[in-house]
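**Q** The structure under discussion is supplied below as structure tokens; questions concerning it will follow.
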Amino acid sequence: MTRADLILHIKYPETNRTKIIIPTNQDGNGFKKTCYSDEYMNMFISKEEFNEVIVKADLVVQRAYSLQRKYDNKTISSRIMLIYAMAFLVLIAALITFYQGAFG
């Protein structure tokens, strides 16, 4: 199941006068910009200001996601290199064993 599939199944609570819920976008690396509620937010923040805040929050989330992806890719690469090295050593040992068995 992909990350986007997981996000589609998330049940968010409803926005009310004590809390404003801002769900994630479909990709999961930012927030939906269509969740401004005139009913609850109009006297505190304008729609334009709200959208500016969402855009800035998106940038922070995207940077964090990008850094995490770089870290994950770096970790995966070192693991793969270790597996390749071990496979190479096993191959060398098998060739030496074969050579000794064949030519004694």
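**Q** Could you work out the Kirkwood radius for the range 59-104, taking every pair of different alpha carbons, averaging 1/r and inverting it, reported in Å?
**A** That comes to 13.4 Å for the range 59-104.
**Q** Here is a further query. Where in the range 25-40 does the label zone of GLN62 land, with the point 7 angstrom along Cα→C-beta and an amide N cut-off under 16 Å?
**A** 25-34
**Q** Identify, among TYR99, TYR84, SER37, the residue whose Cα sits farthest towards the positive end of the charge dipole of the chain, taking +1 on the Cβ of Lys and Arg and -1 on the Cβ of Asp and Glu, with the dipole about the Cα centre.
**A** The Cα lying farthest towards the positive end belongs to TYR99.
**Q** Still on this structure, please answer the following. Among the aspartates and glutamates, which fall within straight-line cross-link reach of LYS32, defined as a Cα-Cα distance under 20 Å, with same-chain neighbours fewer than 8 residues apart omitted?
**A** ASP5, GLU14, GLU48, GLU49, GLU52, ASP58
**Q** Could you tell me, in Å, what Rg and Dmax come out for the Cα atoms of the chain?
**A** 26.0, 90
**Q** Quickly work out the ILE45-to-ALA93 label distance, labels modelled 7 Å from Cα along the C-beta direction, and quote it in nm with one decimal.
**A** If labels sit at ALA93 and ILE45, their model points lie 6.0 nm apart.
**Q** Which residues make up the longest stretch of the chain that has no trypsin sites (Lys or Arg not before Pro) in a DSSP loop with at most 11 other Cβ atoms within 10 Å?
**A** The answer is 18-104.
**Q** May I pose another question? Please give the contour-minus-distance gain from TYR71 to ALA85: 0.36 nm per residue of separation, less the Cα-Cα distance, rounded to one decimal in nm.
**A** Difference between extended and current length: 2.9 nm.
Every number here is computed from the coordinates shown, using simple stated rules; none is lab data. Being a predicted model, the structure only gives us computed values, none of them experimental. Cβ atoms come from the backbone with ideal geometry, glycine included; neighbour counts cover every protein chain shown.
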